[in-house]
2 protein chains.
Amino acid sequence: MDAPPKVNSTAASLLGFLHRQPMTGWELVQTARRTIGDFWSLTPSQVYRELNGMAAAGLVEAGQRGSRERRPFTITATGRAAFRAWLEAGPSEETIRMPMLLTVLFGEELASDRLSAILRHQRALHAARLAAYEAVNTTDDRNRRTVYQQATLDFGITYERAVLAWFDRLPRGLRGG
Amino acid sequence: MDAPPKVNSTAASLLGFLHRQPMTGWELVQTARRTIGDFWSLTPSQVYRELNGMAAAGLVEAGQRGSRERRPFTITATGRAAFRAWLEAGPSEETIRMPMLLTVLFGEELASDRLSAILRHQRALHAARLAAYEAVNTTDDRNRRTVYQQATLDFGITYERAVLAWFDRLPRGLRGG
DNA sequence: TAGAACATGTAACGGGTTACATGATTTG
DNA sequence: CAAATCATGTAACCCGTTACATGTTCTA
């Protein structure tokens, strides 16, 4: 009857990965980078801290230390319940923070060639990200991805294409010569 | 020769607004919500804390308290230098955090009608945001907006349209219905 | 004139970021 | 075998969020 402890999205994601098998902190870092890194950033520090916190709260259990101080964590029944509660609650509200748009908004204070140089650089970063997504999308075997994984990849591609289209529709004054 | 103190994007934005005239914390909150609120969230608490910090660092100066404990802040020469340094440096790297995509990725753990209900709700939120942007774009006098303001508005519209298109291309299993 | 909304803050917490430490393993 | 890199963490800081307090002005 006790409600399971509330977890944040980072902790919940770790619990999600631990459903399949026990993992060490490092393995979780790698898994997270690979599977959610494109839309949910995290650092090793966070992972180790969350694991300690979740162990204290009984959501995971630490196993025996192996070589190199490596310590596998196993999800508990409480951990599964906490993950499920987080998932059922639906996504928390998206907080949009776009540093580039701050630069654009205050752009009149900048020399116009400096602003357009900054924007061209930003465009290149987005173009590179799009290329990476499309490479994965076309090269890798599609059947290796679940519909859920494919949906997140599609989001990335759709987003980056839209951003590039925005760059290319900027007035000349901002886009540069 | 002394490098100006480094400021974060929130503090820098406040300095940007203070270029025109001295403002109180509350006025800054309103101005920020109105002009950058769509792509840079901030709370009154942050504003008051940043103002105190910047006053201690000599970037702004607090004026006489007026009625209702109201206290106007004026930007200093150091403050202008710090703002300029922040602006010249270009935007910090965008950290993308999309809680909704976490829900999608772990979606196979959810009952499929629950997932599609969540996604339909999210779609409605984005549709509402797009409608609000487009209302501003078509109703308000375009000549009241600088090219910089128009560019950020265009970004919002482009982004929300792309997100809606993504929703509408999801496989039936995720979209429901 | 009582209650609502406005305006101005402080305090505490949560969690993301950065810096640092240290032993294990790999590689030149 | 020395240097680089891997792996595992701790500590401190920064800053966004939430909760709370309090006086002021407006409105029914």
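The values are calculated or read from the model by the stated rules, or taken from the named source; none is laboratory data. In this text, all values refer to a predicted model and were calculated from it rather than measured experimentally. FYI the Cβ positions are ideal-geometry reconstructions off the backbone, even for glycines, and counts take in every protein chain you see.
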Quiz prompt | Conditions (1) out of contact with any strand residue (DSSP E or B) (no Cβ under 9 Å at 6 or more places or on another chain); (2) farther than 30 Å from B:A132 by Cα; (3) of a type in the set (S, T, Y): number failed by B:T74 | solution = (1)
Self-check item: Per-region count, region B:45-83, residues surrounded by 14 or more Cβ atoms within 10 Å (Cβ to Cβ), within 11 Å of DNA strand D (Cβ to nearest atom) and without any contact (Cβ under 8 Å) to a residue 24 or more places away in the chain
Solution: 2
Quiz item: Which members of region A:121-167 meet the condition of being touching a residue at least 12 places away in the same chain (Cβ under 8 Å) and under 26 Å from B:A89 (Cβ atoms)?
Solution: A:Q122, A:R123, A:H126, A:A127, A:R129, A:L130, A:E160, A:V163, A:L164, A:F167
Self-check item: Members of region A:17-44 found to be more than 13 Å from DNA strand D (Cβ to nearest atom) and either over 19 Å from A:T152 (Cβ atoms) or aliphatic (A, V, I, L, M) (or both), listed by number
Solution: A:L18, A:Q21, A:I36
Quiz prompt | Odd one out for A:T103, checked against (1) within 16 Å of DNA strand D (Cβ to nearest atom); (2) away from chain B (no Cβ under 14 Å); (3) of a type in the set (V, I, T) | solution = (2)
Quiz item: Residues B:R20, B:R33: which one is free of Cβ contacts under 8 Å to residues at least 24 places away in the same chain and within 14 Å of DNA strand C (Cβ to nearest atom)?
Solution: B:R33
Quiz item: Any residue at all in region A:144-161 that is loosely packed, with under 15 Cβ neighbours inside 10 Å, more than 11 Å from every other protein chain (Cβ to nearest Cβ) and assigned to a helix (DSSP H, G or I)?
Solution: yes
Exercise. Within region B:97-115, track down each residue that is within 16 Å of DNA strand C (Cβ to nearest atom) and over 23 Å from the mean Cα position of the chain (by Cα).
Key: B:T103
Exercise. May I ask you to list the residues in region B:1-10 that are within 15 Å of DNA strand C (Cβ to nearest atom) and surrounded by 15 or more Cβ atoms within 10 Å (Cβ to Cβ)?
Key: B:V7, B:S9, B:T10
Quiz prompt | Count of region A:162-177 residues which are more than 13 Å from chain B (Cβ to nearest Cβ) and either of a type in the set (K, R) or surrounded by 14 or more Cβ atoms within 10 Å (Cβ to Cβ) (or both) | solution = 1
Quiz item: So A:I118 clears everything in (1) over 18 Å from the mean Cα position of the chain (by Cα); (2) of a type outside the set (G, A, S); (3) more than 8 Å from chain B (Cβ to nearest Cβ) except one condition, right? Which one?
Solution: (3)
Practice problem: For region B:1-74, please list each of the helices (runs of 4 or more DSSP H) lying entirely inside it that holds at least 2 residues being within 14 Å of another protein chain (Cβ to nearest Cβ). | Solution: B:9-18, B:25-36
Quiz prompt | Boolean, B:A82 is of a type outside the set (S, T, N, Q), touching a helix residue (DSSP H, G or I) at 6+ places or on another chain (Cβ under 7 Å), more than 27 Å from B:E160 (Cβ to Cβ) and at pLDDT below 95 | solution = no
